[in-house]
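Asks: Okay, here's the structure, questions in a sec.
The values are calculated or read from the model by the stated rules, or taken from the named source; none is laboratory data. Source: prediction; values computed, not measured. Cβ placement follows ideal geometry from the backbone for every residue including glycine, while neighbour counts extend to all protein chains displayed. SASA here: full protein model, heavy atoms, side chains in, ligands and nucleic acids out. Shrake-Rupley method; radii C 1.70, N 1.55, O 1.52, S 1.80 Å.
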Amino acid sequence: MFVVTHTGCAYSPTRKVGYGGDKWSLADVFPAGPSRELAAAAASGDLAGIDRALKAGADVNFRGANGFTPLWWAAWDQNVKGFTRLLERGANPNAVPTENSPVMNNIAEVFWPVEFLKVALAHGGNPDLAAKNGRRPLTAAMQQGTREHVDALLAAGASINALPGERGGGPVFAAMMAGRFDYVLLLLEKGADPAVKDNLGRDLAYYIGMFPYDPNSDHYLWRERVIRFLAGKGIVANAPVKERKRTKPLPADLR
């Protein structure tokens with residue numbers, strides 16, 4: 001579960017941010033001195049403090065414990081003002097931590113307002129940046145992002161197909177497994193490979209037949225649109241045999 005606790009501009013070096021069982025304090029990550037002061041100022045949105053720390057010798061791309069940078073810290077503490085100022089001062093949005101997700105993956109998710117993603121992309125953020133596990137920002141957005149996150153990445157040229165090293169079939173499969181058939185259709189209509197397979201060799205049609213949906217839900221309708229799109233490409237996908245019948249009228253485009 002995502003956890004961030006704000007205490008205002010007075011920034012405690014022992015206050016922890018993170019999610020699940022992974023939480024860090026400023027003192028855990030950055031040694032005492034200008035780099036810690038830079039990260040604290042960024043997380044507090046103290047723009048003058050950021051500039052003071054840089055003048056005092058802080059490295060805007062300093063890598064602390066786990067490879068975390070001040071920009072990563074500002075993102076985790078959800079301060080878009082500090083985040084933006086660091087980018088304006090040369091922070092690298094494409095730095096990859098030792099183990100955890102890079103900034104570009106994190107801010108592609110719904111927990112971060114889309115402004116983080118837009119400003120990072122405007123300052124050289126790579127929409128296809130791979131985390132250590134191969135996961136990319138668009139795949140993250142397909143699983144946990146809003147349509148605004150998805151659109152921002154697509155506008156920036158994010159690949160709609162899986163790239164080398166990305167397991168599980170990439171964005172299309174990520175969207176399907178999250179039940180976001182509206183995103184699946186969006187990618188397919190933009191030219192994503194309809195015959196894409198995951199690392200187990202299974203295609204979209206296989207999984208469509210595995211998981212029933214409430215027939216009166218929007219998920220069902222978007223899935224039916226995907227089934228029809230695939231049929232137009234010569235790919236037969238069928239709804240689960242034991243799925244209940246829909247009782248509400250179908251929209252005009254599915255009649």
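Asks: If packing is taken as the average count of other Cβ atoms within 10 Å, what order do 193-205, 161-173, 221-233 fall into, highest mean first?
Replies: Those peptides, ordered most packed to least, come out 161-173, 221-233, 193-205.
Asks: Using a 1.4 angstrom probe, figure out how much accessible area the stretch 193-255 has per residue, in square angstrom, rounded to the nearest whole.
Replies: Details: 4140 Å² over 63 residues.
Accessible area per residue, the stretch 193-255: 66 Å².
Asks: Rounded to the nearest 500 deg cm²/dmol, what is the calculated helix-only ellipticity per residue at 222 nm for the chain, with -39500 (n - 2.57) per DSSP H run of length n ≥ 4? Write out the running numbers ahead of the final one.
Replies: Numbers: 13 runs with 106 residues, N = 255.
After summing the helix terms and dividing by the residues of the chain, the value is -11000 deg cm²/dmol.
Asks: I've got another one for you. Run the dipole for the stretch 51-186 about the Cα centre, Lys and Arg Cβ at +1, Asp and Glu Cβ at -1, nothing else charged, and hand back the magnitude in debye, nearest 20.
Replies: Values: 13 positive and 12 negative charges, 46 e Å.
I would put it at about 220 debye.
Asks: Still on this structure, I have one more. In whole Hz, with x marking every Gly and Pro, tabulate ³J(HN,Hα) for the stretch 115-124 from phi via Karplus 6.51 cos²θ - 1.76 cosθ + 1.60, θ = phi - 60°.
Replies: Per residue, the Karplus-derived 3J(HN,Hα) values read 4, 4, 5, 4, 6, 5, 5, 5, 10, x Hz.
Asks: Within the chain, how many Lys pairs sit with Cα atoms under 22 Å apart, leaving out pairs fewer than 8 places apart on the same chain?
Replies: Close lysine pairs found across the chain: 8.
Asks: Counting Lys +1, Arg +1, Asp -1, Glu -1, what net charge surrounds Asn199 among other residues with beta carbon under 10 Å of its beta carbon?
Replies: Cβ neighbours under 10 Å give a net charge of +1.
Asks: If I model a spin label as a point 7 Å beyond the Cα along the Cα-Cβ vector, how far apart are those points for Asn238 and Ala27 in nm?
Replies: Spacing of the two 7 Å Cα→Cβ label points: 6.4 nm.
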